[in-house]
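Colleague: Here it is, the structure, as structure tokens.
Every number here is computed from the coordinates shown, using simple stated rules; none is lab data. Please read all numbers here as calculations on a predicted model, not as lab measurements. Virtual Cβ from ideal backbone geometry, glycine too; neighbours counted across all protein chains shown.
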Amino acid sequence: MNVMVAASEVGLKTHVSWEFVDIFRRSAADQLPRAAPSESCAKGEMCTGGSICDNDSKTCICAADHLIVDGICRSKDATPFAAPGQSCSRGEDCSGGSYCADGICQCDSNHFAEDGYCRHITSRSSEIKYVAGNGLRFSSKAFAPRIPSTPCNETTCRLPDCFCSLTGRKPPGGLAPNSIPQFVVLTFDDAVNGRTLPDYRELFETVKYRNPNGCPVKATFFISHEWTNYDAVQWLFQQGMELASNSISHVSLEGTDANRWLNEMDGQRRIIAKFANANEEEIVGMRAPQLALGGDEQFEMMSRAGFLYDNSMSANPGVNGDPFWPQTLDHSVPWDCYDANCPKSSFPGIWTVPLNQFYGTYLPQIDSFRRSSMVRAAVDLNTTVDQLTNMLFSNFDRSYTASRAPYVLALNADLLQLNGRNTGMQALQRFLEEVLYRKDVYVVTLKQLIQWMKNPVPLSQITQSEAVKCSQGPLSQYPAIAQRSCSKPNKCMYRTPGLGSQEHQFLTCSPCPDQYPWLDNPIGNMTP
């Protein structure tokens with residue numbers, strides 16, 4: 001059988017030729033005079049605090065049903081908020097991961113207040129600095145020289161800090177495939193908003209799916225900034241989902257340097273932390289926008305910025321081949337990496353979780369399958385629920401009956417809402433219902449997967465593994481710094497003449513920032 005890439009990986013990399021206009025045109029707009037909510041914008045002033053210029057009154061106005069409080073737009077039905085360091089003596093909700101103590105919003109002993117939210121104390125020693133109007137920068141030059149990667153040395157590469165195999169198909173810890181769990185990882189891509197959240201609520205709001213140990217299944221969400229509502233991201237965080245970075249602009253970063261990757265990925269991590277009230281230090285994973293790898297520049301940024309893993313690299317094991325296991329980038333990857341921007345150097349301790357290509361719709365006219373890292377790109381628009389369910393299981397069986405490499409599903413709204421009939425959602429629900437009847441299958445996040453790989457145990461001991469133990473979400477893990485999601489979020493509106501759309505808005509349980517968060521100013525603070 002001739003197996004071809006009918007749905008090319010290249011087709012996933014939608015190159016939007018913004019180059020660096022998204023920084024510099026935005027910076028030019030920032031030089032305009034500013035006006036607070038209720039002030040005049042008749043002379044072209046940029047409205048701040050989540051307000052926008054009304055064409056009729058030429059006044060900066062807030063969204064409907066919002067009030068102006070201390071120069072910021074706030075939902076009139078929401079509980080008043082206070083940032084770290086501000087008073088909460090009148091019942092204000094503390095934002096940014098802070099909690100109310102002695103009438104003041106405070107960070108706990110492991111965090112400190114910076115940029116309006118609580119950051120982990122390890123951030124104090126970080127070499128990443130924010131330069132007003134120019135975004136994030138490394139405070140020192142890159143590590144030099146880079147060391148070229150070499151094939152796996154299974155003798156010197158030892159867990160928990162290093163893992164590889166010459167074939168890429170061996171489970172960690174010397175365990176036999178039939179003695180370990182089959183891990184399934186649900187990953188979701190792109191913005192979280194009113195279009196995508198209903199599907200996520202359908203899957204996770206009530207506990208429909210449990211692992212054999214009784215714990216609810218969790219998923220990993222790669223969040224991009226533009227068009228995301230952060231009250232929805234906060235809801236995901238409160239459900240115990242893993243949050244990871246998918247960039248701010250969501251354009252291909254091929255050919256850009258480590259500083260651009262830093263602004264996109266660490267900048268988005270900070271945006272999620274501040275506006276979704278999530279723990280910044282818990283956001284350790286990333287996926288390149290458009291699945292376009294950035295070569296050594298990307299992975300150097302990851303190493304210096306404290307990321308743990310990447311989930312962007314495509315691997316093609318073949319229609320009948322054994323899928324590949326994740327490994328650290330101490331050594332070169334064993335699968336063929338056809339992307340010109342694959343890493344060439346060694347990056348110790350950085351994990352790459354490959355996207356084993358999904359074999360989808362069979363094309364009899366060319367005796368070939370559609371295949372792609374993203375499930376949606378591998379299936380036809382008119383695929384039925386039964387057909388897609390069968391595809392999910394046939395790809396699952398490639399791992400389950402062989403190396404038991406993790407079955408990582410790269411999903412998105414286009415797949416779940418396939419053909420406008422929720423075809424993908426129905427197929428995914430059928431798959432989960434059936435596969436979780438098996439006592440050796442666990443649905444986990446990517447971070448849980450790596451935690452298990454660092455300290456692998458056989459299925460007979462899996463209930464003792466910290467990686468798969470039940471978590472009730474951040475309210476139990478971090479009770480001092482986690483906020484519940486809100487029913488009346490603040491609607492923050494901005495004029496954004498330097499970006500692709502002239503206006504942007506988002507919802508958040510936190511206070512609206514002065515400006516729309518972007519690459520040059522991820523926190524949205526007023527710049528000089």
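Colleague: Taking Cα pairs under 8 Å and at least six residues apart, what relative contact order does the stretch 177-446 come out at, in percent?
Modeller: Working: 544 pairs, mean separation 66.8, N = 270.
Rounded, it is 25 percent for the stretch 177-446.
Colleague: A follow-up question, please. Hey, rough spin-label estimate for N455 and D440, points 7 angstrom out along Cα→Cβ, what's it come to in nanometres?
Modeller: 2.4 nm
Colleague: A further question follows. Given R₀ = 22 Å, what would the calculated FRET efficiency be for T167 paired with Y338, taking r from the Cβ atoms and rounding to 0.05?
Modeller: Details: r = 18 Å, r/R0 = 0.84.
Efficiency computed from Cβ-Cβ geometry: 0.75.
Colleague: Separate question: Between A64 and D102, take the C-beta separation as r, use R0 = 30 Å, and let me know the FRET efficiency to the nearest 0.05.
Modeller: 0.25
Colleague: Also, I was wondering about something else. Residues in the stretch 382-396 near a label at E433, defined as backbone nitrogen under 18 Å from the 7 Å Cα→Cβ point?
Modeller: 384-394
Colleague: Here is a further query. Could you give the length gained on full extension between R195 and T463, defined as 0.36 nm per residue of separation minus the Cα-Cα distance, in nm? Mind showing how you got there, number by number?
Modeller: Values: separation 268, 0.36 × 268 = 96.48 nm, distance 3.68 nm.
Net length gain for the segment: 92.8 nm.
Colleague: For the stretch 483-527, which trypsin sites (Lys or Arg not before Pro) are both in a DSSP coil and crowded by at most 15 other Cβ atoms within 10 Å? It would help to have the intermediate numbers written out before the result.
Modeller: Values: sites: R484, K491, R495; in loops: R484.
In loop regions of the stretch 483-527 (DSSP not H, G, I, E or B), the sparsely surrounded trypsin sites (Lys or Arg not before Pro) are R484.
Colleague: A further question follows. Which values, in whole Å and largest first, are the semi-axes of the equivalent ellipsoid of the chain obtained as the square root of 5 times each eigenvalue of the Cα gyration tensor?
Modeller: 39, 25, 24
Colleague: Run the simple label-point estimate for E503 and T156 please: 7 Å along Cα→C-beta, distance reported in nm.
Modeller: A separation of 6.0 nm, rounded to one decimal place.
Colleague: To continue, here is another question. Tell me, in nm to one decimal, what length is gained between V319 and A176 on full extension, where the rule is 0.36 nm per residue of separation less the Cα-Cα distance? All intermediate terms of the calculation are to be shown ahead of the outcome.
Modeller: Details: separation 143, 0.36 × 143 = 51.48 nm, distance 2.26 nm.
Between V319 and A176, full extension yields an extra 49.2 nm.
Colleague: For the stretch 177-446, go through all pairs of different Cα atoms, get the mean of 1/r, take its inverse, and jot down that Kirkwood value in Å.
Modeller: Details: mean 1/r = 0.0529 Å⁻¹.
Evaluated on the stretch 177-446, it is 18.9 Å.
Colleague: Between the DSSP loop rule and a limit of at most 10 other Cβ atoms within 10 Å, which GluC sites (Glu not before Pro) in the stretch 174-258 are left? The partial results should precede the final answer.
Modeller: Values: sites: E202, E205, E226, E242, E254; in loops: E205, E226, E254.
Here no GluC sites (Glu not before Pro) fit, given the DSSP loop and packing criteria.
Colleague: Find me the longest stretch of the chain that has none of the exposed chymotrypsin sites (Phe, Trp or Tyr not before Pro), where exposed means in a DSSP loop (not H, G, I, E or B) with at most 14 other Cβ atoms within 10 Å. Can you show the working numbers first?
Modeller: Working: sites that count: W18, F20, F143, Y338, Y437.
Within the chain, the longest run free of exposed chymotrypsin sites (Phe, Trp or Tyr not before Pro) spans 144-337.
Colleague: Which values of log₁₀ I(q)/I(0), to two decimal places, follow from the Debye formula for the stretch 212-352 at q = 0.13, 0.20, 0.21, 0.22 Å⁻¹ with a uniform point scatterer at every Cα?
Modeller: -0.59, -1.19, -1.25, -1.32
Colleague: Using the basic label-point model (7 angstrom from Cα toward the beta carbon), what is the A402 to F112 distance in nanometres?
Modeller: Taking the two extended label points, one gets 5.1 nm.
Colleague: How large is the helix-only mean residue ellipticity at 222 nm for the chain, computed as the sum of -39500 (n - 2.57) over DSSP H runs with n ≥ 4, divided by its residue count, in deg cm²/dmol to the nearest 500? Numbers along the way, then the final one.
Modeller: Numbers: 10 runs with 101 residues, N = 528.
Result for the chain, helices only: -5500 deg cm²/dmol.
Colleague: Here's a follow-up. For helix 385-400, what angle does its Cα long axis make with the longest principal axis of the chain, in degrees from 0 to 90 and rounded to 10?
Modeller: Tilt relative to the chain: about 70 degrees.
Colleague: Next question. How much FRET efficiency would the formula 1/(1 + (r/R0)^6) give for E281 and N55, where r is the Cβ-Cβ distance and R0 is 41 Å, rounded to 0.05?
Modeller: Details: r = 43 Å, r/R0 = 1.06.
Efficiency, rounded to the nearest 0.05: 0.40.
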